[in-house]
Amino acid sequence: MSFRARLLSAFLFVILVATVVFAFAVRREVASRLTAQYQRRVNSLIAVIEEDLESESDLIAATLEGLRDVVANDNRFRRGAVDRVAADRRYVLDFAGTAMRLTGLSMLQIQDEAGRIISSGHFRNEYDRLEPDLPELLGTVPGGLAVARARTPEGAFLALLRADTVRMGGWRFNLVGGTAVSRSFLARLARGEELRVTLAYPGGVLSSAEIADSVLVAEGVGGDSSVAFAASGDRIASEVVIPFADAERGELEAASLVVTHPLGELQALRRRIDVWFLTALGATAALALILANWLAGRISRPLADLARKTSRIDLDRLDIDFGSRRKDEIGALSRLLGAMTDRLRASTGRLREAERRATLGELARQVNHDIKNGLLPIRNVFRHLVQVAREAPGDLPTIFDERRGTLDSSIEYLESLASNYARLFPRLEPRSCDLNAVIRQVVSGVGGPGEVDIELQLTEHLPPVHADVVVLRRIVENLVDNAVDSITGTGTVTVAADLVEADVEPSRVRITVSDTGCGMSAEQRAKSFDNFYTTKAEGTGLGLSIVRRLVTDLNGTIRVESEEGKGSCFTVELPAGDTMAARQEGGTER
């Protein structure tokens, strides 16, 4: 991701997150405060409804008490109800209806002590119908007020009822009366249009307003009552529990006056807040993009210019101008890059001179190392001849003839090195080489009287190795010389050559040089092929590094196994036969 994209993303993230958090907090705070205000209004209405119900109960009780006195003093009612005078029977049937209209009650029944209706305000045909459970249930209600179903010729309705009794001539009569619970009654309790009062009773629901968008279910009313209410746009705030007298079942259950507050205003406010929030969010995002893009351009363009100039810098081109008049951090960075370029320009000259000297020094050390290795067989031959001349002068001609081949091959090897180093770097001249012959030639130059025994374990009829014979000799010679130098006192150096994977193409020839010398630690073994690393007092540290380079030039591999105090074993594997010839067709130069 580019710097510009990161800056834009950071601006958008910070601004959008802050805006969203602010809008969410405002929306939540407004909703919380309005909800709390609605809750207080509903709680106030609950208290008012409870007072209204108590007042209604007192009014019904006072009315029934007045009727009780009227009935007790009405002789015609006494003759019709107690004495059963046929002429006054009609008067008794009409008494409840007349009293109901005069007192303003919505429902009035007069029953005898057996529970038989003798007068009904709504339904004259209820005469002689038994309904003893209703006054008994009302008598058990705490406070005396309960909701019950009443019947008229047009249908049933709900009413708030109370019961009272009157005695005449040894007879007891029950007075049951009350006020109808209708939508208008509930609306009067709601005290306005904002709040809604709903009566939930077993088997039905009645609300102060239309509740087509509401669902109100009463389950298990009585005992463990559970009233579930769900209204679109409404929230249950509180309820008042009222006894429900079910005369048909003869049970006293529970009904609830549920007070809710419509949340349409709150929802509308939330929608408006959401609209304004989305508008502000879009405007903020657009402004953030413009501002971030402007800032990114102010920062990224100079940085891109610096990056373009810096990308053109290399050791052959250090004339880039980083001059800047800016006084900010980018100007300081430009001047710093300019100063760095000046230092690089000055350092490059010194570095090239140092590289030239280092190259010449490395070449001189390599020439010195190879010449010393070439002179070592000659020195050993002359030491052997001097020893023979001192101890057995008569054998000197014979020994000289035996060692003459070593002298000739060493001189030829030195001449080849001189020709190659005349071109600064040796040139490979690959051809088919007899590996066993090269090993015997190297060992013959190292051999002679001494305390180190050199053993040869050469497999006959090895396939030829396609390599530069001088390079191959340098590899074997370095490994054998290092093995001899690692032995203090007496010891053995074993040089082996065999064929690896004879049945697999391409086949490989393996050279193994092992010794019983001092060996190497793990740290020394890890650095053994590094340039200029040596454990010898007079060593150059180039022997094994040269061997590794030469083995790599021949497409071979080299590895070392060593244990401190027990000796080392170097293994070189080279492609055999035509494999190497195919890879080095025409020769390569070093």
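The values are calculated or read from the model by the stated rules, or taken from the named source; none is laboratory data. All figures in this text were calculated on a predicted structure; none of them were measured in a lab. All Cβ positions, even for glycine, are placed from backbone atoms using ideal geometry, and neighbour counts span all protein chains on display.
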Subject >> Options Ala31, Ala99; residue that is in a helix (DSSP H, G or I), within 23 Å of Arg151 (Cα to Cα) and in contact (Cβ under 8 Å) with a residue 24 or more places away in the chain >> reply: Ala99
Original post:
Counting just the residues of the stretch 392-439 that are at pLDDT 80 or above and either touching a Ser or Thr at 6+ places or on another chain (Cβ under 6 Å) or of a type in the set (Ser, Thr, Tyr) (or both), which one comes out nearest to Ile475 (Cα to Cα)?
Top reply: Ser432
Subject >> In the stretch 148-203, the residues that are of a type in the set (Gly, Ala, Ser) and within 60 Å of the chain's Cα centre (by Cα) >> reply: Ala187, Ala190, Gly192, Ala200, Gly203
Original post:
Of these, Ala72, Ala23, which one is small (Gly, Ala, Ser), touching a strand residue (DSSP E or B) at 6+ places or on another chain (Cβ under 8 Å) and either surrounded by 17 or more Cβ atoms within 10 Å (Cβ to Cβ) or in contact (Cβ under 8 Å) with a residue 60 or more places away in the chain (or both)?
Top reply: Ala72
Subject >> Unique match (being modelled with pLDDT under 90 and either in the same structural domain as Ile117 (by TED's automatic domain parsing) or touching a strand residue (DSSP E or B) at 6+ places or on another chain (Cβ under 6 Å) (or both)) among Glu65, Glu29 >> reply: Glu29
**OP:** Within the stretch 130-145, track down each residue that is surrounded by fewer than 15 Cβ atoms within 10 Å (Cβ to Cβ) and either among the charged types (D, E, K, R) or not in a helix (DSSP H, G or I) (or both).
**Re:** Leu130, Pro142, Gly143
Original post:
So, in the stretch 168-185, of the ones that are touching a residue at least 40 places away in the same chain (Cβ under 8 Å) and among the aliphatic types (A, V, I, L, M), which residue ends up surrounded by the fewest Cβ atoms within 10 Å (Cβ to Cβ)?
Top reply: Ala180
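This table checks each residue for (1) out of contact with any helix residue (DSSP H, G or I) (no Cβ under 6 Å at 6 or more places or on another chain); (2) surrounded by 19 or more Cβ atoms within 10 Å (Cβ to Cβ); (3) within 17 Å of Arg167 (Cβ to Cβ).
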| site | (1), (2), (3) |
| --- | --- |
| Arg76 | no, no, no |
| Gly80 | no, yes, yes |
| Arg89 | no, no, no |
| Ser106 | yes, yes, no |
**OP:** Check Ala209, Ala285 and return the single one that is assigned by TED's automatic domain parsing to the domain that holds Leu134 and either at pLDDT below 85 or not in a strand (DSSP E or B) (or both).
**Re:** Ala209
